[in-house]
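**Student:** The structure follows.
Quick note: the coordinates plus some simple rules give every number you see, no bench work behind them. Given the structure is predicted, the values throughout are model-derived calculations rather than measurements. Note that we place each Cβ from the backbone using ideal geometry, even for glycine, and neighbour counts take in every protein chain shown.
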Amino acid sequence: MNRSNGIAYPTNGSSALEAQATVLSVHNGYRRSQNRRRSQDIEPEVLTLGQKVKAIAVIACVIAALAATLIFSDEAAARTYDVMFDGIAQQTITVHTGDSLWTIAEDHAPEGASVPDVVRWIEQANNLDSALIVSGQALIVPAE
C-alpha cells in the first residue's frame, strides 16, 4: 500500500488505483519528520542550581508582595473603621418583632458608613457573639 498526502492507494496485483481515506492527524503548525526523535525519547530539561535559586527568589517575592498587600489593606480598613465610629453619638433602642441587625444597621447607619460596618459596630458595642437578637432586647446603636 503506497501513501501519498494522507490517502492510501492499494496496489495488490492491480494497476488500477482506488483512493481510500485514512486517519488524518493535525499538529497545529508542526510537521512531523521521520528523522526526529519521538516525544517519549526526549528527556525533560533539568534546571541548573542558579535557575532554581532564581525561581525560588521570584516565588518568595511574589508571596511577600501578596502578604504585604493583605496586611496593609486590612490595617487601612481598620483605621477607616475606627475613625468613622470614633466618638460617634449613641442611643439605646428596643428590638421589635421582625427586626434584624441588618435592618437596624440600615436604619441607624451614619452617613458614609456601610451597613456591614454598622452591623459589626453594633455587635461590638453590645458584646454580641452572633447576629441573633430577640424582641424586647435593648441595643446600643449609632445615634441618627
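**Student:** Over all directions, how big on average is the projection of the convex hull of the alpha-carbon atoms in segment 88-142, in square nanometres?
**Tutor:** Taking the Cα atoms of segment 88-142, their convex hull projects to 3.3 nm² on average.
**Student:** Sorted from fewest to most neighbouring beta carbons within 10 Å, what does the list 63, 93 look like? Before the final figure, lay out each step's value.
**Tutor:** On the way: 63 10, 93 15.
So the ranking, lowest neighbour count to highest, is 63, 93.
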